[in-house]
1. In the calculated pair distance distribution of the chain, what percentage of Cα-Cα distances lie above 17 Å?
2. Please work out the Kirkwood hydrodynamic radius for region 25-96, using every pair of different C-alpha atoms, and report it in angstroms with one decimal place.
3. When ligands, DNA and RNA are left out and all protein chains stay put, how many square angstrom of accessible area per residue does region 4-85 have with a 1.4 Å probe?
4. With +1 on the Cβ of every Lys and Arg and -1 on the Cβ of every Asp and Glu, and nothing else charged, how large is the dipole of the chain about its Cα centre, in debye rounded to the nearest 20?
5. Can you give the calculated 222 nm mean residue ellipticity of the chain, where each DSSP H run of n ≥ 4 adds -39,500 (n - 2.57) and the sum is split over every residue, rounded to the nearest 500 deg cm²/dmol?
6. Give me the Kirkwood hydrodynamic radius of region 55-122, using the inverse of the mean 1/r over all pairs of distinct Cα atoms, in Å to one decimal.
7. Given a 1.4 Å probe and the protein chains all in place, what does the accessible area of PHE77 round to, in Å² to the nearest 10?
8. Under 30 Å between C-alpha atoms is the cut-off here; go through the chain and count lysine pairs that meet it, provided they're at least eight residues apart or on different chains.
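The values are calculated or read from the model by the stated rules, or taken from the named source; none is laboratory data. All values derive from a computational prediction rather than experimental measurement. All Cβ positions, even for glycine, are placed from backbone atoms using ideal geometry, and neighbour counts span all protein chains on display. Note: accessible area is taken over every heavy atom of the protein model, side chains too, but ligands, DNA and RNA are not part of it. Shrake-Rupley method; radii C 1.70, N 1.55, O 1.52, S 1.80 Å.
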Amino acid sequence: MRDWSVCIVGAGKIGRMIAEFLHRSPNYSVTLADADLASLTKAQRAGYSVKQADAGDSAALAQALAGFDAVVSAAPFFLTPAIAAAAKTAGAHYFDLTEDVAATAAVRDLAKGAKTAFMPQCGLAPGFVGIAGA
């Protein structure tokens with residue numbers, strides 16, 4: 001089976017929990033990216049690969065995301081458009097947890113013409129609940 005490389009942008013509690021779920025599957029290699037060194041240190045102590053990256057700088061983030069199959073945004077909603085743009089530039093599939101209407105509209109616009117999947121609103125309700133139910 002294919003080993004998907006996934007970068008989770010946001011190494012806080014939610015990002016680390018997503019990493020834990022994905023790490024339990026042999027199909028994913030997981031890296032956590034964040035600008036905050038304290039969050040990265042916690043993630044690294046938990047056994048995850050880490051990468052320092054500023055989600056507010058879409059161009060620099062795109063370089064950091066190069067080579068990943070998928071990007072999951074576990075960052076605050078206001079960073080969603082920059083992270084989605086970076087994922088598109090990097091050629092990675094994109095998923096986020098936000099339920100912010102403006103951020104979702106920005107992701108929808110970015111998805112136009114993309115060669116990868118863009119899946120906004122995969123949060124707990126209704127996103128993850130629907131995925132778990134399926």
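1. Percentage above 17 Å: 55.
2. The Cα-based Kirkwood calculation yields 12.3 Å.
3. 49 Å²
4. With only Lys, Arg, Asp and Glu charged at Cβ, the dipole is about 280 debye.
5. The helix contribution divided over the chain gives -11500 deg cm²/dmol.
6. 11.3 Å
7. 110 Å²
8. So the count works out to 10.
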